[in-house]
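The values are calculated or read from the model by the stated rules, or taken from the named source; none is laboratory data. Owing to the predicted nature of the structure, the values given are computational and were not obtained by experimental measurement. Cβ coordinates were reconstructed from backbone atoms using ideal geometry, including for glycine residues, and neighbour counts include every protein chain displayed.
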Amino acid sequence: MDTSADYLKKSSTAKMGNRPIVASLRHVKKSFGAMEVLRDISLDLHQNENLVILGRSGTGKSVLIKCMVGLIRADTGEINVLGCDVRSLTPDQLDELRLQIGFSFQGSALYDSMTVRQNLEFPLKRNKAIFKKKELEDLVINALKDVGLENTSDKMPSELSGGMKKRIGIARTLILKPKIMLYDEPTAGLDPITATEINELILSVREKYNTSSIIITHDISCARQTSDRIIALVNGLNKEESTFDELKQTKDPDLAPFFSY
Amino acid sequence: MKFKPLLLRSADIYQFFQRIFKQAFHAPSEWREVLKQCFAVGNRSFFLVTFTAFLAGVVFTRQSRPSLSSFGAESWLPSLVSQAVIRSLGPLITGLICAGKLGSNIGAELASMKVTEQIDAMEVSGSRPFSFLVVSRVTATTLMLPLLVVYADCVALLGSFITVNFINNTGFKLYFNTVASHITYLDIFSSLIKATFFGFAIGFISSYAGYNSDNGTTGVGKAANTAVVISMLFIFIIDLVMLQFINLFR
């Protein structure tokens, strides 16, 4: 099994050309009690890259991106995002950094006491102090148009389907124009057609907003459609890193089953 | 509970307490959300407070009258009722009603937001959820409880007057003149201070239970339950402590 040091030897820069690195993790470890979730993770995310983290449930994929935004504090290691050392930031500095990172939650995490419009207006009012009705309206409608749901602004989250909720969740993060997008299981629980639409949305977000993205998934078709590069996570370690087509040829008993369906 | 977890929990509660005070006076202010929460607090408890305070006034008057009549001291009824209502019954009933109604509401609301990652979503968008969700709710309950207590006192006295009027045909002016002549500023002031502490306790305990709930749907129920039970317990403790303290000035 590859260790983090092995991973570093196979520099990802070779695969991604000379694109600058926007986020890098080195030797990140995280345990919950006696359970080691992340054992030694290192990775680089390049500008305008879609990096898929593929792995089975419970391998620490979500914990990894939560460590990147400071929702969970890593035990050891370096987490550098957009030039900031996440582990040493003060709460105010962390809030500043978070404005540049969009996080799409597995369950969408829409504020269920607010309408779609209020959900989208919330980060604008709180972070950018935008209160003018016209300005808010324009930004909300544009963000909704980008996800193809401009007619839902007055609906409550409970009136939306799973796929629509995911799109609104993405629109809410896009409204702050993030530089990095983190998608936590974007297609989980969706039918194949809606899942494909979400995958296409992820690609269009990259094109339109020039974002770099980390996509956490165990859905192989999501990985195929969205990835420039894939890191396979097994038992809290980077097991393999390559493109989808390369990874498809793997004989590794931990990874081969992903491609056998 | 073992000693180490108890210590850790105590430290966590202290930090939560400290964070509320730090953020309450830290710009930007949450006055919009505080106003919204104040309205919600008043709106949620208005009917229940009205109903229970009115009944308390009626029942207390009905129960006290025979005892006073047996001593020929029926004319003392307004003063007895007014002192009982303003010093103790009004704040206590309002506190308990609000602990049940608001405690469960705040506890369950914050816990379900936690379970569905809505609080995390606010956190990762840099939206300062603690100040938006917790500080605003604690401020609202702290500000609104004294107002609700004043209202409950008035309703309870009205209930008492209607009962007295029904039985003895006592006039409105006579009844409330007697009430006013037996109430001191200390009674009113101590009642308001007590209500402020009740409000803070309800907001603080319910928010803590909700904001720190365990994940899962059972966590929501547990948070609501903890919020109500502990808030009620603390209302009695605060009532007792305040009584001892206020008696120093009587």
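Summary of computed values
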{"quantity": "Residue in the range B:156-170 that is within 14 Å of another protein chain (Cβ to nearest Cβ) and of a type in the set (Ser, Thr, Tyr) present", "calculated": "no"}
{"quantity": "Selected residue [crowded, with 24+ Cβ neighbours inside 10 Å, without any contact (Cβ under 8 Å) to a residue 40 or more places away in the chain and on the phi < 0 side of the Ramachandran plot] from B:VAL134, B:VAL138, B:VAL149, B:VAL124", "calculated": "B:VAL124"}
{"quantity": "Odd one out for A:VAL116 among (1) modelled with pLDDT of 95 or more; (2) under 16 Å from the mean Cα position of the chain (by Cα)", "calculated": "(2)"}
{"quantity": "Candidates B:PHE204, B:PHE234, B:PHE249, filtered to the one that is loosely packed, with under 13 Cβ neighbours inside 10 Å, touching a residue at least 24 places away in the same chain (Cβ under 8 Å) and among the hydrophobic types (A, V, I, L, M, F, W, C)", "calculated": "B:PHE249"}
{"quantity": "Helices (runs of 4 or more DSSP H) contained in the range B:1-110 and holding at least 3 residues under 22 Å from B:ALA227 (Cβ atoms)", "calculated": "B:3-24, B:31-70"}
{"quantity": "B:LEU148 vs. criteria hydrophobic (A, V, I, L, M, F, W, C), within 14 Å of chain A (Cβ to nearest Cβ) and touching a Gly at 6+ places or on another chain (Cβ under 9 Å)", "calculated": "no"}
{"quantity": "Failed condition for A:ARG167, given (1) surrounded by 21 or more Cβ atoms within 10 Å (Cβ to Cβ); (2) in contact with a Gly (Cβ under 8 Å, 6 or more places away or on another chain); (3) within 13 Å of chain B (Cβ to nearest Cβ); (4) in a helix (DSSP H, G or I)", "calculated": "(3)"}
{"quantity": "Pair list, Cβ under 7 Å, 6 or more apart: the range A:99-116 residue within 19 Å of B:LYS36 (Cα to Cα) and facing chain B (nearest Cβ under 9 Å), other residue buried (at least 17 other Cβ atoms within 10 Å of the Cβ) and polar (S, T, N, Q)", "calculated": "A:TYR111/A:ASN119; A:TYR111/B:GLN118"}
{"quantity": "The range B:207-225: number of residues that are surrounded by 15 or more Cβ atoms within 10 Å (Cβ to Cβ) and either in contact with a helix residue (DSSP H, G or I) (Cβ under 6 Å, 6 or more places away or on another chain) or more than 30 Å from B:LEU240 (Cβ to Cβ) (or both)", "calculated": "10"}
{"quantity": "Checking A:LYS177 against (1) within 14 Å of chain B (Cβ to nearest Cβ); (2) assigned to a loop (DSSP other than H, G, I, E, B); (3) surrounded by 18 or more Cβ atoms within 10 Å (Cβ to Cβ), the condition it does not meet", "calculated": "(3)"}
{"quantity": "Answer residue from the range A:67-93, given it is crowded, with 21+ Cβ neighbours inside 10 Å and either in contact with a Lys or Arg (Cβ under 7 Å, 6 or more places away or on another chain) or not in a loop (DSSP other than H, G, I, E, B) (or both) and is nearest to the other protein chains (Cβ to nearest Cβ) among those", "calculated": "A:VAL69"}
{"quantity": "Any helices (runs of 4 or more DSSP H) falling wholly within the range B:124-215 and containing at least 2 residues that are at pLDDT 95 or above and not hydroxyl-bearing (Ser, Thr, Tyr)", "calculated": "B:136-168, B:185-211"}
